[in-house]
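I have placed the structure first, in the form of structure tokens, so that the comments after it can refer back to it.
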Amino acid sequence: PSNTMWGGRFTTAPSEVMERINASIDVDRRFYAQDIRASQAHAAMLAECGILTQDDNTAIQDGLERIRQEIEAGEFTFSAALEDIHMNVESRLRELIGEAAGRLHTARSRNDQVATDFRLWVRDTIDALDALLADLQAALLDQADAETETVMPGYTHLQAAQPVTFAHHLLAYVEMLGRDRGRFADCRKRLNESPLGAAALAGTGFPIDREMTARALGFERPMANSLDAVSDRDFAVEFLAAASLLGVHLSRFSEEIVIWCSEGFRFIQLSDAFTTGSSIMPQKKNPDAAELVRAKAGRLVGALNALLIVMKGLPLAYGKDMQEDKEPVFEAADTLALALSATTGMVRDMKADRERMRAATTKGYLTATDLADWLVRVLNLPFRDAHHVTGALVARAEADGRDLAELSLAEMQAVEPRITEDIYEVLTVERSVASRRSQGGTAPERVREAIAAARERFLS
Ligand code: ARG
């Protein structure tokens, strides 16, 4: 006997290799719950529309429920010969309830079925990831609360630029993560339409009610075009694009954590729980979690690439190529969940070394911009001239390894005679940071407002 689903046209069974390349059960069994849920909605609708008897519907509902329990109890035998989750479930249903099982697939194809299951799964996954993203934002905000007065060098080109507060730096990531959540939410909104009832590609002659199944499954509406419904995977691509970008954000943050833990910086300490030792060097405490999160972005971008390339050039409607859509999405979702949890753990446990951060701000002429701004504000110099004067003062100080505040007034006046004693006031990093009160700026009072606003926007 060949296949029980389509054996009618076939005389011999598939080769063993064919079975292996064709089977997706090891991957798509993961959305068994969505598959069963969608089948239950479909059967209920068929009964409501008079296409299925109430007795058959009841048998199907109960049988599917029992299959769900078998799978969850680990008692279900998945078979590669039955290819995928859809046929594994249907075949078991036939064993359980007999002939009525064969009526479930009326007015449906695996094409609209798989598209429906996959959308439901991505939707559930987005909701789970959103909660993990909110957890990470909360951890960052809690750290920020404690570090609003902690000054550190802000960098451009990884060269010390201007002093900022550690809280301000952490809040930058809270914003990025907020946009990541927005991207997933956009993806969720667009994917939330029901392919069910598109059947193989053209719709069906049975008098079905697509609104009803859409509603039952929590979709906003049925998809408008049956060909589109079964053949696009743009929702999965969007999911992977959002995942990749989030991965890039996490990777940048991890890189900073690695830098901050390095000997030259020592701005933070990670906990023992999120570091590892060395098997040979007893002194080592390595930021492995951060390094792994930094690397995971590669997998995420790889998954996005893989699916885009699968989809490129595919003619409408369904092609088996599309069976390759699930693995990258599942892998990306698992990778992200782990990377988010690891990042949240690191942030919750990290300890800022305030003295080391403060000390680092005394090197690198971080308040040079403040000095130039003083020349503009007090002496009314054009900014370009002030920039030039300040550059000359930095060169003077640098020549014998002094800080700007260590230049005497006479030395300063040698460059610009109108400079007065008042200028020293703007040369401390605390003054510098406190002065940056513009909206979104690093002044502690602004940052405290920003923390409160972020809690309101993201966590309430
Ligand atoms: N396992 C298949 C997939 O994931 C289900 C759809 C099969 N449809 C078909 N016409 N062969 O794409």
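Any read-out appearing in this document is the output of simple, stated calculations on the displayed coordinates, not a laboratory observation. Everything quoted here is computed from the prediction, not taken from an experiment. When we count neighbours, we look across all protein chains shown, and the Cβ atoms used for this are built from the backbone with ideal geometry, even at glycine.
Some observations on this one:
- Residue list for the range 402-419, given a label point 7 angstrom along the Cα-to-Cβ vector of H387 and an amide N cut-off under 19 Å: 416
- Inverting the pair-averaged 1/r between distinct Cα atoms of the range 253-377 gives 18.3 Å as its Kirkwood hydrodynamic radius.
- Cα-only radius of gyration and Dmax that characterise the range 111-265, units Å: 21.9, 72
- E425 versus D55: modelled label distance in nm, points set 7 Å from Cα along the beta carbon direction: 9.4 nm
- Where labels lie 7 Å past Cα in the beta-carbon direction, separation of K285 and V376 in nm: 4.2 nm
- Rg to Rh quotient for the chain, alpha carbon positions, Kirkwood Rh: 1.16
- Checking every one of the chymotrypsin sites (Phe, Trp or Tyr not before Pro) in the range 1-74 against DSSP loop status and a limit of 10 other Cβ atoms within 10 Å picks out W6.
- Placing a pseudo-label 7 Å from each Cα along the Cα-to-Cβ vector at R266 and T12 gives an inter-label distance of 7.4 nm.
- Kirkwood hydrodynamic radius over Cα pairs of the range 357-416, then Stokes diffusion coefficient at 37 °C and 0.692 mPa s, in µm²/s: 278 µm²/s
- Ellipticity estimate at 222 nm from DSSP helix runs (n ≥ 4, -39,500 (n - 2.57)) divided over the chain, nearest 500: -20000 deg cm²/dmol
- Seen against the Cα atoms of the chain and their longest principal axis, helix 288-311 is set at about 50 degrees.
- Gain in span if fully extended, A202 to D62, counting 0.36 nm per residue against the direct Cα distance: 47.4 nm
- Burial order of peptide ranges 222-228, 208-214 (average beta-carbon count within 10 Å, highest first): 208-214, 222-228
- The long axis of helix 368-379 is offset from the longest Cα principal axis of the chain by roughly 60 degrees.
- Tilt relative to the chain, helix 444-459 - C-alpha long axis, 0 to 90 degrees, to 10: 10 degrees
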